[in-house]
Amino acid sequence: MADEKQTKLDLNNLKAGGFIKERGKDLFTVRLRVPGGRMSVPRLKKIAEVAEKFGGEFVHLSVRQSIELININFRDFDAVVEELGEKSQKVASCGARVRVPVACGGCEYNPNGLVDTQKSALEVDEKLFGTPTGHHKFKVAFAGCPFDCPKSATNDIGFQGAIYPTLDKDACIGCGLCAKSCVPKAIAMGEDNKPVFSNDPCIWCGDCVKVCPTGAWSEAKRGYTVRIGGKWGRNPLVGTLFATFLPEDRAVEFIAAVLEWYKQKAEGLGRIRLGDTIIKEGPEELLNHLRSRFPENTVAETIAPQIIATQIGK
Amino acid sequence: MQTIDLRGVSCPTNFVKAKLALEELENGTVAQIFLDDGEPVKNVPRSLKADGHKLLGLKQTEEGHYILELEKVEE
Ligand code: SF4
Ligand code: SF4
Ligand code: SF4
């Protein structure tokens with residue numbers, strides 16, 4: 001370990017956070033930046049080397065997909081940052097900032113994936129990571145499909161891949177597989193042995209398109225379903241629907257628009273999360289703000305983020 | 001008619017078994033695959049479709065299982 005007298009720390013490394021005080025004297029956890037949970041094998045090797053040299057006997061995989069180096073002496077911060085290689089492996093953030101986005105594997109290799117969540121997570125990480133909100137932390141998640149393994153609606157902004165199905169009756173052979181596969185029961189087989197679609201229960205999962213043997217079902221639209229205002233912790237909120245079929249390449253712009261509204265509306269309210277700001281201001285305020293920029297995607301009406309009562313039964 | 005009975009076999013073993021059985025067949029052969037209701041009938045047909053086979057039809061039997069008819073298509 002470094003000699004105390006010679007320690008000169010580059011405090012800029014601490015600014016964005018990612019160094020978290022541990023119980024032990026002088027020891028910190030260093031949270032690494034792993035957008036979308038994607039970790040190349042060479043990077044993983046490098047991290048293992050640095051952990052072995054400066055850290056404890058294990059690393060911790062955080063619930064938000066980061067690798068945390070444990071038991072790092074604060075005098076080694078600079079060496080750790082340098083050896084990790086500033087270009088390839090950065091330290092994450094904490095505090096009132098845009099955090100590292102999480103994402104599932106998405107469509108690249110997961111058969112359920114409808115959109116490229118990994119690409120979106122990298123874009124958001126590159127363009128918005130660490131942006132100060134002025135109020136509180138800000139979390140973003142990308143799910144590849146409505147199965148929603150990343151629990152997108154528990155984030156300040158949660159994105160969920162979606163496709164809108166459309167039917168070409170003439171191509172249908174009446175096999176019934178689509179009706180069988182549609183878990184929300186948005187498809188029933190009609191008297192003519194062709195599917196009948198009901199819009200309301202459809203969650204845009206695309207299972208009908210994937211199973212249909214003849215291509216009678218195909219996609220009319222693809223993009224993200226966006227829920228806003230979620231969070232977990234002591235007073236959980238579940239985010240509600242604000243936009244549908246947002247094109248994948250507009251995710252960054254969308255988040256920036258929400259951040260702009262949040263920064264302005266939460267002014268003077270102290271340390272307040274986005275969801276509580278929406279509850280205070282009313283969801284129409286945010287809808288109007290978004291409608292001016294995303295007229296085709298913003299929903300006509302919505303409700304405020306919903307409080308989850310977690311103390312029932314006490 | 002070739003039949004592949006996957007009743008009582010759960011996901012994803014049923015799909016892997018179907019793949020192995022289909023490997024034994026000539027290209028263009030029509031086969032019937034017996035599947036349980038529930039997850040198997042939701043998952044196996046779409047995975048076989050994604051592998052490139054041509055699904056021809058699906059019907060439920062009186063006993064409650066499903067018969068998926070498909071044509072083997074070699075990639
Ligand atoms: S959300 Fe969908 S695409 Fe993502 S891991 Fe889950 S099932 Fe796969
Ligand atoms: S997209 Fe999903 S929910 Fe909608 S009709 Fe198709 S299978 Fe059903
Ligand atoms: S899966 Fe396709 S072919 Fe079969 S009933 Fe549905 S639309 Fe028709």
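The values are calculated or read from the model by the stated rules, or taken from the named source; none is laboratory data. Computed from a predicted structure; not experimentally measured. Cβ: placed from backbone, ideal geometry, glycine included. Neighbour counts: every protein chain shown. In case anyone asks, the SASA skips ligands and DNA or RNA and just uses the protein heavy atoms, side chains included. Shrake-Rupley method; radii C 1.70, N 1.55, O 1.52, S 1.80 Å.
Scanning region A:178-218 for residues that are out of contact with any Phe, Trp or Tyr (no Cβ under 6 Å at 6 or more places or on another chain), away from ligand 1 (no atom under 15 Å from the Cβ), under 20 Å from A:Gln160 (Cα atoms) and in contact (Cβ under 8 Å) with a residue 40 or more places away in the chain yields a count of 1. With the condition kept exactly as written, say whether any residue in region A:186-193 is away from chain B (no Cβ under 14 Å), in contact with a Cys (Cβ under 9 Å, 6 or more places away or on another chain) and outside any strand (DSSP E or B). Yes: region A:186-193 contains one or more residues that are away from chain B (no Cβ under 14 Å), in contact with a Cys (Cβ under 9 Å, 6 or more places away or on another chain) and outside any strand (DSSP E or B).
Please indicate, with yes or no, whether at least one residue in region A:164-181 is away from ligand 3 (no atom under 16 Å from the Cβ) and of a type in the set (D, E, K, R). No.
Annotation note: of B:Leu25, B:Leu6, the sole residue that is more than 14 Å from chain A (Cβ to nearest Cβ) and out of contact with any Leu (no Cβ under 9 Å at 6 or more places or on another chain) is B:Leu25. Of the residues A:Val115, A:Val124, the single one that is in a loop (DSSP other than H, G, I, E, B), assigned by TED's automatic domain parsing to the domain that holds A:Glu267 and open to solvent by less than 10 Å² (accessible area, probe 1.4 Å) is A:Val115.
Taking the numbered list (1) open to solvent by 50 Å² or more (accessible area, probe 1.4 Å); (2) within 15 Å of ligand 1 (Cβ to nearest atom) in turn, A:Pro132 passes all entries but (2). Taking region B:44-68 as the range and being facing chain A (nearest Cβ under 9 Å) and open to solvent by 30 Å² or more (accessible area, probe 1.4 Å) as the test, the residues that pass are B:Arg46, B:Ser47, B:Lys49, B:Ala50, B:Lys54, B:Leu56, B:Lys59, B:Gln60. Count of region A:166-177 residues, restricted to those that are within 14 Å of chain B (Cβ to nearest Cβ), within 16 Å of ligand 2 (Cβ to nearest atom) and open to solvent by 10 Å² or more (accessible area, probe 1.4 Å), is 4. The set of residues in region A:195-214 that are within 8 Å of ligand 3 (Cβ to nearest atom) and not β-branched (Val, Ile, Thr) comprises A:Pro195, A:Cys208, A:Cys212, A:Pro213.
Taking the criterion of being open to solvent by 70 Å² or more (accessible area, probe 1.4 Å) and either part of a loop (DSSP other than H, G, I, E, B) or not assigned by TED's automatic domain parsing to the domain that holds A:Asp156 (or both), the residues of region A:261-308 that qualify are A:Glu267, A:Gly268, A:Arg271, A:Pro295, A:Glu296, A:Ala300, A:Glu301, A:Ile303. None of A:Val59, A:Val50, A:Val41 is in contact with a Leu (Cβ under 8 Å, 6 or more places away or on another chain), open to solvent by 30 Å² or more (accessible area, probe 1.4 Å) and at pLDDT 90 or above except A:Val59. Just one of the listed residues (A:Lys127, A:Lys90) is over 14 Å from the mean Cα position of the chain (by Cα), more than 16 Å from ligand 1 (Cβ to nearest atom) and under 30 Å from A:Ile163 (Cα atoms), namely A:Lys127. For region A:75-106, a residue qualifies if it is more than 30 Å from A:Leu269 (Cα to Cα) and surrounded by 19 or more Cβ atoms within 10 Å (Cβ to Cβ), and the qualifying residues are A:Asp76, A:Phe77, A:Val80, A:Val81, A:Leu84, A:Gln89, A:Lys90, A:Ala103, A:Cys104, A:Gly106. Counting residues in region A:147-155 that are of a type in the set (S, T, N, Q), in a loop (DSSP other than H, G, I, E, B) and modelled with pLDDT under 95 gives zero.
The number of residues in region A:199-235 that are of a type outside the set (S, T, N, Q) and part of a strand (DSSP E or B) comes to 11.
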